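Data block below; observations after.
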Amino acid sequence: MSYAVVAEGLTMRFGSFTAVDGVSFRVRRGEIFGFLGANGAGKTTTIRILCGLLLPTSGTAIVAGRNLREGLNRVKRVVGYMSQRFTLYNDLTVGENLAFTAALRRMSRPALDRRTDELFGLTGFTLGRDLLVRDLPPGVKQQVALVNAMLHDPEVVFLDEPTAGVTPSSRAKFWDLIRRIASAGTTVFVTTHYMDEAEQCGRIALMRAGRIIALDTPAGLKASAFPTPMIELDPAPSPPADWRRKFFGDPAVGDLAPHGLRWHFAVRNAAAWARLARRLPKSLHAKRIPPSLEDVFMRLVEGKDR
């Protein structure tokens, strides 16, 4: 099998602080690979290592066939990077931003024009290259930032929370664009805090405190995190005053967690749920549901801190 990214024992220390702690994983060519974790988990530091922006304290990685230990510039030439913060210059036009990036990449003017036309056709950008970036809607800015990251036709593109702060409709359009990029053979490595976006990844790595604690497909993560039934409980509008104490005290109930106005929890097995359902007060509405990635995240990542 051909891999676009191979990380082996990546570790990054800043003084006494270990930001990335022995991380190992492999990403297939053309895969949409999700990287999830709470703020400070080490996701961005890992991405910066893989982009050739940081040399790890120990361990190594091979990105698009280039080994980090053989020179960071070799890696930089074959990757694209769209950071958490908007990386274009607001006081330059769209065309000026792209020309600046092309100059840094040592692209010829004909190559820039050809590639810009290709990517604008892919993204559906039609507002014109002479517009100042600050005048673009947020969702369109993100599209232009992606074009900027893809300008040199990278083999791997890293997107660090690319849809933060944009509308749901813009997020949906952006992810349609991500799927088209991946289908054309580019490997997409993406971090996000939106679980509906994470569902669209081929595989997901969950990171906590600098380490990968789980790596699988969305369905695989759900199955491994919740091998027993998941229940959704709606206590509205007038639950018994002591209902939570009764649930927390029941040995069949685990990880009672709030989800908006409802609660989710796992039970030991189907028989335990049948027993519990028979004695539920009528004012409590409960049903069995499939677990979501949000449930997985809360159990495996946030649950360790509770």
> Between Val6 and Leu92, how many nm apart are label points set 7 Å from Cα along the C-beta direction?
Replying inline: 3.7 nm
> Quick one: accessible area per residue over the stretch 143-182, 1.4 Å probe, rounded to a whole number of Å²?
Replying inline: 31 Å²
> What FRET efficiency comes out for the pair Leu280/His193, r = Cβ-Cβ distance, R0 = 51 Å, nearest 0.05?
Replying inline: 0.90
>> Quick check: Cα centre of the stretch 108-150 to Cα centre of the stretch 7-24, how many Å?
In response: 36 Å
> Pick from Leu256, Leu177, Leu119: which residue has the top mean-square fluctuation in a GNM of the chain where Cα pairs under 10 Å get a spring?
Replying inline: Leu256
> Using the Karplus equation 6.51 cos²θ - 1.76 cosθ + 1.60 (θ = phi - 60°), what ³J(HN,Hα) coupling, rounded to whole Hz, does each residue of the stretch 118-130 give in order, writing x for Gly and Pro?
Replying inline: 4, 6, 5, x, 5, 7, x, 6, 10, 7, x, 7, 8
> Per residue, how many Å² of accessible area does the stretch 1-82 show with a 1.4 Å probe?
Replying inline: 42 Å²
> Listed here are the pairs Lys76/Lys141; Lys222/Lys287; Lys76/Lys222; Lys173/Lys287; which of them are more than 28 Å apart at the Cα?
Replying inline: Lys76/Lys222; Lys173/Lys287
> For the chain, what log10 I(q)/I(0) values come out of the Debye formula at q = 0.10, 0.11, 0.12, 0.15 1/Å, with one point per alpha carbon and no solvent?
Replying inline: -0.65, -0.75, -0.85, -1.14
> For labels at Arg211 and Glu118 in the simple 7 Å Cα→Cβ model, what's the distance in nm?
Replying inline: 4.3 nm
> Computed over the Cα atoms of the stretch 87-199, what is the ratio Rg over Rh, Rh following Kirkwood?
Replying inline: 0.94
>> I'd like the carbon and sulfur percentage of the solvent accessible area for the chain, probe radius 1.4 Å, heavy atoms only, ligands and nucleic acids excluded.
In response: 52 percent
> What span do the alpha-carbon atoms of the stretch 165-216 cover on each of the three principal axes, reported in whole Å from largest to smallest?
Replying inline: 31, 28, 15
> Roughly what % of DSSP beta bridges within the chain run antiparallel, to the nearest 5?
Replying inline: 65 percent
> Highest GNM mean-square fluctuation, the chain, Cα pairs closer than 10 Å: which of Thr167, Thr191, Thr217?
Replying inline: Thr167
>> Tell me the mean residue ellipticity at 222 nm calculated for the chain from its helices only (DSSP H runs of n ≥ 4, each -39500 (n - 2.57), averaged over every residue, nearest 500).
In response: -10000 deg cm²/dmol
>> If I model the stretch 75-123 as equal point scatterers sitting on the Cα atoms and use the Debye formula, what is log10 I(q)/I(0) at q = 0.13, 0.14 Å⁻¹?
In response: -0.33, -0.39
> If you take the Cα Rg of the stretch 26-77 and divide it by 2.2 N^0.38 Å, with N the number of residues, what do you get?
Replying inline: 1.17
> Rounded to the nearest 10 Å², what accessible area does Trp263 show when all protein chains are kept and the probe is 1.4 Å?
Replying inline: 40 Å²
>> If you take every residue apart from Gly139 with its C-beta less than 13 Å away from the C-beta of Gly139, what net charge results, scoring Lys and Arg +1 and Asp and Glu -1?
In response: +2
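The values are calculated or read from the model by the stated rules, or taken from the named source; none is laboratory data. In this text, all values refer to a predicted model and were calculated from it rather than measured experimentally. Please note: Cβ atoms are built from the backbone with ideal geometry, for glycine as well, and neighbour counts cover all protein chains shown. The protein model used for the area step is the full one, side chains on, heavy atoms only, and it has no ligands, DNA or RNA in it. Shrake-Rupley method; radii C 1.70, N 1.55, O 1.52, S 1.80 Å.
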